[in-house]
Amino acid sequence: MQALPTSRSSKRATTSEVGVGPYPFSDDLAVEMGSAWVYEGKIADEIIDQEKLPYGVTEYDFETTFGLYQSGRFDDEAPEEFVSGEVSLEEQRELINKVWRDDFVTFSERRKEFLQRSGKDVPYQTVMDQYMKQRKFASNSKSRKFVEALVNAQIQVEYGASVRDLSAAKVGNKLSECIFCDAVYYVPVKGGGFDKILAPLTDPLKDKIRLQHIVTKIEYHDDQPARVTYKDVRDGGNTYTKLAERVLVTVPLGVLKAKSIDFVPPLPQWKQEAIDMIGFGVLNKCIFYWDKDQIDPASMGWWPEGKQYMSLITDGESESGRWSTFFNDREMGNGDEFVISAWVGGDEAREIESMSDETIKEHVLSNLRAMYGDSVPEPSKVVVSRWGQDEFSRGAYSYYGIGGTEVIGPARERLAEPVGERLFWAGEATTYSYGTTHGAYQTGVMTASEIHASLTEAEAQ
């Protein structure tokens, strides 16, 4: 039996559609509040080909598909002059080539190499502070704010963690031309979505998957079957118990950190230390939708045609990471739909979860108007994720905290190790392909084989 808390067979791959999800936009337009990309050559990619599912292709290129914008007063220009809108192509190339590629990325990679050679590690924030100090950037210079904006997009959004918490020895060489470099297939498109990718895997197991069953306790002993206690939401929350020869724990790391499941006896110290050591980040989205049947087409002339990714440089320290990274869903095969996703990761992602949808909408809309002008109309509909507050996730996915590969790598391996003869573990946090659906899937396949071998060996004795 696989017990899951929601009405769907995957919690963090959640597709909303008209008549299905709680936030319908338009006919069969898939909206993913969690996972959205598929990696080339992995299991989900194979299913897309097999089922002939639609998808979009992302191409992150500074020269063609990337848009850079600004809003504020910057010290290295006329500080009394407020600038907003798209950065000129000439200045964008100057910032990208001289400040980013040739300077900051090189500095970051050298610091990462030094830390790895010395066996040391520091928060990535330390690397940024060292760089800013050496370059003597004013606190509100455009070059400084540009670096912060791209680090937000390529580090904090990708890992769902603050630069204060991330390992410089691990992520120092992850700056590149793209966000999610290898994850090129975008599945929230008309007629697509992760639900359709998961269906070939889950449909044959419908009689075994128990939705809306919340596991509250797992009792495990080597000399007797394990006892799994759960609440059946559909039955008024009544509690039941199942006996199992083996138990496979695949809940998100955030649920383990929150100790939402009572393990009896308590997990051994080495297992709990692994759970505590691996970081678990938060990445949230605010998705804007403009209904083409309800708006004047002329009001959408500002739309960033041809741009897939957009970053906003702001002059406010507290605003530099909040809703300043955008993705243009319209470019992904949704050509007749107006959809833009705004992202926020790390500390800022946790902070916005206490805000109302209306407050978040106003913030995102304000940034879009700073980028494209006051003519940007109110969206027809808005959806916001709050993964940190979700009791069945408590976040998005794991990351490398301070200590890097030398410390966190072994912690992932320990998290994957069985406890005794009956308690097995899988999920994205147990693999070096962390933060990916294919990584989670691969660990499940591998651990299922281990369980099969364990049962076979027990029967032979």
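The values are calculated or read from the model by the stated rules, or taken from the named source; none is laboratory data. Owing to the predicted nature of the structure, the values given are computational and were not obtained by experimental measurement. Reconstructed Cβ throughout: ideal geometry from the backbone, glycine too, with neighbour counts over all protein chains shown. Note: areas computed on protein heavy atoms with side chains; ligands, DNA, RNA excluded. Shrake-Rupley method; radii C 1.70, N 1.55, O 1.52, S 1.80 Å.
Values computed for the structure shown
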{"read-out": "Model label zone, residue 292; criterion: amide N under 13 Å from point 7 Å along Cα-to-beta-carbon; scope region 327-348", "value": "330-339"}
{"read-out": "Sorted peptide list for 368-375, 35-42, 381-388, criterion being average Cβ within 10 angstrom, highest first", "value": "381-388, 35-42, 368-375"}
{"read-out": "Å² per residue, accessible surface of region 226-346 at 1.4 Å", "value": "39"}
{"read-out": "Spatial separation of Cα centroids for region 233-272 and region 435-459, in angstrom", "value": "18"}
{"read-out": "Region 365-422 versus region 307-363: alpha-carbon centroid distance in Å", "value": "14"}
{"read-out": "Straight-distance crosslink candidates among lysines, where the alpha carbon sits under 29 Å from residue 190 and sequence neighbours closer than 8 are dropped", "value": "11, 42, 52, 206, 285, 292, 307, 361, 381"}
{"read-out": "Accessible area of the chain belonging to carbon and sulfur atoms, whole % at 1.4 Å probe", "value": "47"}
{"read-out": "Packing-based ranking, highest mean first, of 234-240, 310-316 given that Cβ atoms within 10 Å are counted", "value": "310-316, 234-240"}
{"read-out": "Sequence ranges 132-141, 452-461, 158-167, 56-65, ranked by mean other-Cβ count within 10 angstrom, highest first", "value": "158-167, 56-65, 132-141, 452-461"}
{"read-out": "³J(HN,Hα), Karplus 6.51/-1.76/1.60, whole Hz, each residue of region 84-101, x for Gly, Pro", "value": "8, x, 6, 5, 4, 4, 5, 5, 4, 5, 4, 5, 5, 7, 7, 7, 7, 4"}
{"read-out": "Tail weight of P(r) past 24 Å, computed on alpha-carbon pairs of region 64-176, percent", "value": "27"}
{"read-out": "Relative compactness, region 311-431, computed as alpha-carbon Rg over 2.2 N^0.38 Å", "value": "1.41"}
{"read-out": "Pairs of Cα atoms farther than 11 Å apart, region 350-399, %", "value": "73"}
{"read-out": "Of 328, 418, 366, farthest towards positive along the dipole that unit charges on Lys, Arg, Asp, Glu beta carbons give the chain", "value": "418"}
{"read-out": "FRET efficiency estimate (nearest 0.05) - Cβ-Cβ, residue 302 to residue 133, R0 51 angstrom", "value": "0.85"}
{"read-out": "Hull shadow area, averaged, the chain [alpha-carbon convex hull, nm²]", "value": "23.7"}
{"read-out": "Within the chain, helix-based [θ] at 222 nm, where runs of 4 or more DSSP H residues each add -39,500 (n - 2.57), nearest 500", "value": "-9000 deg cm²/dmol"}
{"read-out": "Loop sites in region 249-279: trypsin sites (Lys or Arg not before Pro), DSSP, at most 13 other Cβ within 10 Å", "value": "259"}
{"read-out": "Dipole magnitude of the chain about its Cα centre (Cβ charges: Lys, Arg +1; Asp, Glu -1), debye to nearest 20", "value": "1300"}
